[in-house]
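Trainee: Sharing a structure here in structure tokens format.
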Amino acid sequence: MRRILIALVSAAVVIFVWASPALAGKQFATVDPASGAPGDPITVSGNCGVAQSGIDVDIKFVQGNPIAQLGNPQTQADGSFSLDASVPANAQVGPATIVVTCILETSEPIVLDFTVTAPAPRAPEQPPSVAAEPVTATPAFTG
């Protein structure tokens with residue numbers, strides 16, 4: 001009976017390790033949302049595939065030249081990272097990429113597609129309202 005229990009537990013551990021991408025060393029990253037106008041907030045998050053805190057992550061916005069540095073977060077104990085940033089103010093409408101690099105010897109850059117959209121139209125400015133001045137009248141009696 002004890003051998004059966006040990007075999008079942010061992011099989012469960014093997015299946016868990018095989019099915020878990022984070023434990024298998026899989027790097028990934030996402031950007032949310034995948035499109036936005038200059039100045040809009042975005043979040044870049046993912047995992048460096050190594051359960052270790054303090055790994056530097058380099059995140060860049062690429063659309064021609066110059067390349068904009070979005071930030072350099074570090075991983076948490078489980079290898080995950082997250083960065084709140086904004087679409088660069090000088091981004092042009094059209095395709096762009098966000099390049100995420102975990103600073104590890106075995107790391108390859110992760111390239112994420114991003115689309116820069118036109119800013120939402122602004123409401124026309126209303127002229128300042130002019131307060132009406134009170135009218136004072138003096139009654140005049142004739143006759």
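Trainee: Can you give the translational diffusion coefficient of the stretch 50-134 in µm²/s, computed by Stokes-Einstein from the Kirkwood radius over Cα pairs at 10 °C and 1.306 mPa s?
Mentor: Answer from the Stokes-Einstein relation: 100 µm²/s.
Trainee: Of THR106, THR117, which has the most accessible area and how do the rest follow, probe 1.4 Å?
Mentor: Ranked from most to least accessible, the order is THR106, THR117.
Trainee: Mind listing the long-range amide H neighbours of LEU70? Cut-off is under 5 Å, sequence gap 5 or more, other chains count too, H placed in the peptide plane at 1.01 Å from N.
Mentor: ILE59, LYS60, PHE61
Trainee: Under a 1.4 Å probe, what is the accessible area of the stretch 76-133 per residue, stated in Å²?
Mentor: With the other protein chains kept in place, the stretch 76-133 gives 73 Å² per residue.
Trainee: Whose amide H sits under 5 Å from the amide H of ASP40, counting only residues 5 or more places off or on another chain, with H placed in the peptide plane?
Mentor: For ASP40, whose amide H was placed from the backbone, the distant partners under 5 Å are VAL87.
Trainee: For ASP32 paired with VAL99, estimate the spin-label separation in nm (one decimal), with each label point 7 Å from Cα along the Cα-to-Cβ line.
Mentor: Roughly 2.6 nm, to one decimal.
Trainee: Is the shape of the stretch 59-103 best called rounded, prolate or oblate, per the rule: a/c under 1.5 gives rounded, else a/b larger than b/c gives prolate, else oblate, with a ≥ b ≥ c the square roots of the Cα gyration tensor eigenvalues?
Mentor: prolate
The values are calculated or read from the model by the stated rules, or taken from the named source; none is laboratory data. Worth saying up front: this structure is predicted, and the values here are computed from it rather than measured. No Cβ is skipped: glycine too gets one built from the backbone with ideal geometry, and neighbour counts run over all protein chains shown. Just the protein is used for accessible areas: all its heavy atoms, side chains included, with ligands, DNA and RNA removed. Shrake-Rupley method; radii C 1.70, N 1.55, O 1.52, S 1.80 Å.
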